[in-house]
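Enquirer: Structure incoming, see below.
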Amino acid sequence: MRDNSPISPIGPIGHIGHIRAATHRDFATQPMIWKTRRRTLDLSHSAKIMGILNVTPDSFSDGGQFFSLDAAVSHARELIAEGAEIIDVGGESTRPGADPVPLEEELRRVVPVIEKIRSEFPSVLLSVDTYKATTARHAVRAGADIINDITALRGDPSMIDVVLESGAAVVLMHMQGMPKTMQVAPAYQEVVSEVTAFLKARRDWLVDRGVDRESIAIDPGFGFGKRLADNLKLMRNLEAFRALAQPLLIGVSRKSGLAQLSGDPALPVAKRIWPTVALTCLLREKGAHLLRVHDVKPNLEALRMTEAILE
């Protein structure tokens, strides 16, 4: 990073013009491809499931459960067997209030797992969840195809070089602040236009520097520096992101807002599967192309049912 200060909250960057009215089917089946290092995905009619693999001791949903190499690879096998086409490997928790992880520790957690999965599953797509360029570079060398950066490449000035050198696909996410402080006092004047404008600006910044536009996906960052009301407004207006014409990745799996919306704020993390499945159906109908989830099988079944109805 340029310094040790957190990335400041992002305010309005520009204005996205009026989005024409369209049917839900239009949103769900618009032509869309995503180029990764290993292969190009056609997301026009069939969304993909990204399985979450947290190699951390403190993630909100499964902290410590897959921290060892053997446990992590075993869980990757389960996610792939259940139908995940992408495995997203992360070595630093991004839950609200989480402390940053030193580079050396993140490398120790992530790289051996990616190497092992790649050797066992040559064709599966692997994503590394990091905002550190050195981690991304080592992960790509180990076999990663995608860089999933919660800072949208603002967190490390060298990340753009890794993307250009490797040809990896990239996910740009919106976030106010950093995980340690992002939920302290998030605020927006108009969350949909601000998030959309931010993602457009970051997409354009990458393209201007030579990144293939078809290798870029976007993520509104549900729960990252947003209040429950902000998340709901983004969900209701997800079609606004269609104007950017990029693959849309959504990550709401097991998050605390699902417990609040279910009517039981104390709903345990392990019992938030079905609220997650409900959102998988809704958000696919509204145009999501990539669903990042912990529980692959039920979400994949719901996703394919939704797509059958849309078709």
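Enquirer: Considering only segment 289-303, I want to know if a residue exists there that is at pLDDT below 95, small (Gly, Ala, Ser), part of a helix (DSSP H, G or I) and out of contact with any Lys or Arg (no Cβ under 8 Å at 6 or more places or on another chain).
Expert: no
Enquirer: Residue 171 - would you say it is outside any helix (DSSP H, G or I) and crowded, with 22+ Cβ neighbours inside 10 Å?
Expert: Spelling it out, residue 171 is indeed outside any helix (DSSP H, G or I) and crowded, with 22+ Cβ neighbours inside 10 Å.
Enquirer: If residue 116 satisfies all but one of (1) more than 28 Å from residue 228 (Cα to Cα); (2) out of contact with any Pro (no Cβ under 8 Å at 6 or more places or on another chain); (3) buried (at least 18 other Cβ atoms within 10 Å of the Cβ); (4) modelled with pLDDT of 95 or more, what's the number of the condition it fails?
Expert: Unmet condition: (3).
Enquirer: On to the next question. Of the conditions (1) buried (at least 18 other Cβ atoms within 10 Å of the Cβ); (2) not in a strand (DSSP E or B), residue 148 clears all except one; give me its number.
Expert: (2)
Enquirer: Which ones in segment 268-286 are modelled with pLDDT of 95 or more and not in a helix (DSSP H, G or I)?
Expert: The answer is 286, and nothing else.
Enquirer: For segment 191-222, name all the residues that are under 20 Å from residue 286 (Cβ atoms), part of a loop (DSSP other than H, G, I, E, B) and in contact with a Lys or Arg (Cβ under 9 Å, 6 or more places away or on another chain).
Expert: 220, 222
Enquirer: While we're looking at this one, here's another question. If you go through segment 234-267, how many residues are of a type in the set (A, V, I, L, M, F, W, C), assigned to a loop (DSSP other than H, G, I, E, B) and touching a Phe, Trp or Tyr at 6+ places or on another chain (Cβ under 7 Å)?
Expert: 1
Enquirer: Still on this structure, I have one more. Tell me which residues, restricted to segment 151-168, are in contact with a strand residue (DSSP E or B) (Cβ under 9 Å, 6 or more places away or on another chain) and part of a helix (DSSP H, G or I).
Expert: Those that are in contact with a strand residue (DSSP E or B) (Cβ under 9 Å, 6 or more places away or on another chain) and part of a helix (DSSP H, G or I): 159, 162, 163, 166.
Enquirer: Okay, next question. Identify all residues within segment 244-263 that are of a type outside the set (S, T, N, Q), touching a His at 6+ places or on another chain (Cβ under 9 Å) and on the phi < 0 side of the Ramachandran plot; write none if there are none.
Expert: Selection gives 247, 248, 249, 250.
Enquirer: Continuing with the same structure: Given 234, 258, 249, which one is surrounded by 20 or more Cβ atoms within 10 Å (Cβ to Cβ) and within 18 Å of residue 146 (Cβ to Cβ)?
Expert: That would be 249, the only listed residue that is surrounded by 20 or more Cβ atoms within 10 Å (Cβ to Cβ) and within 18 Å of residue 146 (Cβ to Cβ).
Enquirer: Another question about this same structure. Can you tell me which residue among 152, 229, 185 is of a type in the set (A, V, I, L, M, F, W, C) and in contact (Cβ under 8 Å) with a residue 12 or more places away in the chain?
Expert: Among 152, 229, 185, only 152 is of a type in the set (A, V, I, L, M, F, W, C) and in contact (Cβ under 8 Å) with a residue 12 or more places away in the chain.
Enquirer: Would you mention how many residues in segment 42-55 are free of Cβ contacts under 8 Å to residues at least 60 places away in the same chain and crowded, with 24+ Cβ neighbours inside 10 Å?
Expert: Residues flagged as free of Cβ contacts under 8 Å to residues at least 60 places away in the same chain and crowded, with 24+ Cβ neighbours inside 10 Å within segment 42-55 amount to 2.
Enquirer: Moving to a separate point now. Please specify each residue of segment 56-108 satisfying the condition of being modelled with pLDDT under 85 and in contact with a Leu (Cβ under 8 Å, 6 or more places away or on another chain).
Expert: 66 - this is the single residue of segment 56-108 that is modelled with pLDDT under 85 and in contact with a Leu (Cβ under 8 Å, 6 or more places away or on another chain).
The values are calculated or read from the model by the stated rules, or taken from the named source; none is laboratory data. Quantities reported herein were computed from a predicted structural model and do not represent experimental measurements. Positions of Cβ are generated from backbone atoms using ideal geometry, with glycine treated the same way; all protein chains shown enter the neighbour counts.
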